[in-house]
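The values are calculated or read from the model by the stated rules, or taken from the named source; none is laboratory data. Please read all numbers here as calculations on a predicted model, not as lab measurements. As a convention, Cβ positions derive from the backbone with ideal geometry for all residues, glycine included, and neighbour counts pool all protein chains shown.
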Amino acid sequence: MLKLDNVSTFYGKIQALHHVSLEINRGEILTLIGANGAGKTTLMMTICGTPRAQSGHIVFDGRPIQQMKTSDIMRQGLAVVPEGRHIFSAMTVEENLLMGSFFRSRNEAAAQLDHVLTLFPRLKERFNQRGGTMSGGEQQMLAIGRALMSQPRLLLLDEPSLGLAPLVIQQIFEIIERLREEGVTIFLVEQNAHQALRIADRGYVLENGSIVMSGSGDALLNDDNVRKAYLGG
Amino acid sequence: MTETSLYVLQQLINGLTIGSTYALIAIGYTMVYGIIGMINFAHGEVYMIGTYTAFITIIGLFTMGVSSLPVVLLLALMTAIIISSTYGYAIERVAYRPLRGGPRLIPLITAIGMSIFLQNYIRLAQGSRDLAMPALISGGIEFGDPDVFEVSLSWMQLIIWGVTLASMTALALFISRSRLGRACRACAQDLKMANLLGIDTNRIIALTFVIGAALAAIAGVMLGLYYGTINPYIGFMAGLKAFTAAVLGGIGSIPGAMLGGLILGITEAMTAAFFPSEYKDVVAFSLLVLILLFRPTGLLGKPEVEKV
Ligand SMILES: Nc1ncnc2c1ncn2[C@@H]1O[C@H](COP(=O)(O)OP(=O)(O)OP(=O)(O)O)[C@@H](O)[C@H]1O
Ligand SMILES: [Mg+2]
């Protein structure tokens with residue numbers, strides 16, 4: 001569904017991604033794990049076109065996207081929940097959600113809004129509340145709901161569990177599995193490697209901007225090196 | 001009523017009139033700042049171009065024998081809006097967009113250059129002398145005490161209030177209710193995130209320039225008719241005042257620009273009422289300094305949110 005081939009990304013002169021190749025298959029949950037500063041966010045944002053890949057190819061559903069404008073890439077059927085959520089804090093929950101379906105027709109947006117609100121009943125309760133006044137967990141749900149409003153086939157999630165209580169993390173992971181059942185392909189970046197690998201079909205390990213390992217979720221969970229580096233032994 | 005209170009009432013009317021036009025121009029500064037964090041110093045010139053467009057349209061219509069007041073006024077407004085918006089759009093496209101993403105100082109300097117360029121371009125094209133704007137609308141109502149002091153409220157002033165109120169209402173509805181207005185707000189809050197939601201942020205930025213220019217053009221037509229003379233330099237002072245109003249109200253805030261404009265206009269008129277009128281600019285800018293000392297973000301501005 002999405003294929004990165006030999007992608008390198010730079011911040012000025014600093015190279016953040018080194019010849020990364022990676023493939024996401026339709027219907028799976030793919031996870032990317034790695035330490036702080038490994039380049040996980042960079043990889044995810046490179047798919048979105050900010051920053052732009054300096055070399056290599058990114059193909060989504062058979063279409064090369066690495067030269068497209070970010071706004072055009074985001075209209076191809078993928079959506080992102082970025083690191084730090086980035087909800088519009090002065091806008092209401094409703095307005096935040098509607099921004100997610102900006103380029104969809106009014107009818108599509110209305111239908112998808114119903115769907116998102118059944119996935120996240122909490123957002124329905126808070127429909128007219130300002131995004132900035134909600135709790136961290138609610139904001140994360142809003143960020144995911146907003147991304148879903150464009151009816152993406154591929155959802156990119158950057159550390160959705162960051163800074164949340166265990167119970168809320170549980171809910172978020174349940175939602176992710178449910179989305180997969182609905183047919184949404186998931187690309188999940190996590191530092192919470194244990195939980196991520198448990199629900200993932202496959203995973204990649206990123207170190208210093210390079211992919212150093214890949215395999216099924218179970219294989220990585222049981223790999224000695226992965227256990228030592230990311231699962232606390 | 002005493003003479004003083006009638007006199008104050010008169011100045012209030014005058015101040016509200018000028019303040020309305022400051023508010024209209026200030027919107028352009030505040031919206032552009034709100035979305036890309038730059039001061040568009042060429043905005044005053046966009047206002048001036050609107051005034052010249054209205055002048056040319058009115059003279060043109062008169063020579064063609066069109067003299068129906070509503071028709072002339074409406075056409076003058078329409079052409080001014082169209083021409084100024086085109087300039088606003090073109091300035092952003094040609095002079096600012098290519099510089100986006102670079103150091104913040106550079107577009108600022110470009111804006112000053114753009115302002116000087118436009119001023120001189122109009123000076124060359126139209127001459128630098130004062131032109132007399134035809135008095136389209138004269139007369140008004142007078143009230144108060146004929147023996148003490150007569151307060152006059154001209155039709156032109158009433159029209160300026162009405163047009164300002166209508167424009168501001170339209171803007172407020174657009175920003176708060178429409179899909180594009182919502183996108184404008186989203187972009188002002190988090191441009192990068194808006195982009196990640198598939199919004200072509202360059203087009204929204206262009207839209208804010210066009211809206212600001214259109215409102216400045218409306219102010220240009222109104223003030224041109226109100227004062228009766230125009231020259232290529234009127235954009236400088238009007239722009240400076242409107243910028244002051246925007247900062248006073250809290251730059252980035254649309255209600256702030258409206259409030260700032262009115263406060264500035266009324267302050268100026270009140271100063272002119274009791275002191276030699278040369279003092280009005282001194283007082284206006286002192287007011288700005290004072291407010292910024294005690295409220296650095298302006299009256300309705302929010303503290304700059306740290307953008308990560
Ligand atoms: N805008 C930027 N400008 C310059 N360097 C950057 C920028 N963003 C990230 N980097 C650098 O690129 C490298 C990868 O950063 P990135 O944010 O992708 O890591 P990450 O794996 O997402 O880390 P974390 O787990 O902490 O979120 C880091 O060394 C970082 O300092
Ligand atoms: Mg990261």
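So the values come out like this:
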{"read-out": "Filter result for B:ALA170 (of a type in the set (A, V, I, L, M, F, W, C) and surrounded by fewer than 11 Cβ atoms within 10 Å (Cβ to Cβ))", "value": "no"}
{"read-out": "Members of the range A:130-171 that are more than 20 Å from B:MET193 (Cα to Cα) and either of a type outside the set (Gly, Ala, Ser) or in contact (Cβ under 8 Å) with a residue 60 or more places away in the chain (or both)", "value": "A:LEU164, A:PRO166, A:LEU167, A:VAL168, A:ILE169, A:GLN170, A:GLN171"}
{"read-out": "Answer residue from the range A:183-233, given it is among the charged types (D, E, K, R) and within 16 Å of ligand 2 (Cβ to nearest atom) and is modelled with the highest pLDDT among those", "value": "A:GLU207"}
{"read-out": "Tally of residues being away from ligand 1 (no atom under 15 Å from the Cβ), in a strand (DSSP E or B) and of a type outside the set (D, E, K, R) across the range A:188-212", "value": "0"}
{"read-out": "Pick from the range A:21-55, criterion over 23 Å from A:GLU182 (Cα atoms) and more than 16 Å from ligand 1 (Cβ to nearest atom), ranking: farthest from the other protein chains (Cβ to nearest Cβ)", "value": "A:SER21"}
{"read-out": "Test: residue in the range B:151-172 that is more than 21 Å from B:GLY265 (Cβ to Cβ) and either in contact with a helix residue (DSSP H, G or I) (Cβ under 7 Å, 6 or more places away or on another chain) or more than 14 Å from every other protein chain (Cβ to nearest Cβ) (or both)", "value": "no"}
{"read-out": "Residue check for B:SER178: surrounded by fewer than 17 Cβ atoms within 10 Å (Cβ to Cβ) and within 12 Å of another protein chain (Cβ to nearest Cβ)", "value": "yes"}
{"read-out": "Test: residue in the range B:273-281 that is in a helix (DSSP H, G or I) and buried (at least 23 other Cβ atoms within 10 Å of the Cβ)", "value": "no"}
{"read-out": "Some residue of the range A:1-12 being within 16 Å of ligand 1 (Cβ to nearest atom) and under 29 Å from A:GLU177 (Cβ atoms)", "value": "yes"}
{"read-out": "Subset tally (residues that are more than 9 Å from chain B (Cβ to nearest Cβ), closer than 13 Å to B:ALA186 by Cα and surrounded by fewer than 24 Cβ atoms within 10 Å (Cβ to Cβ)) for the range A:76-93", "value": "1"}
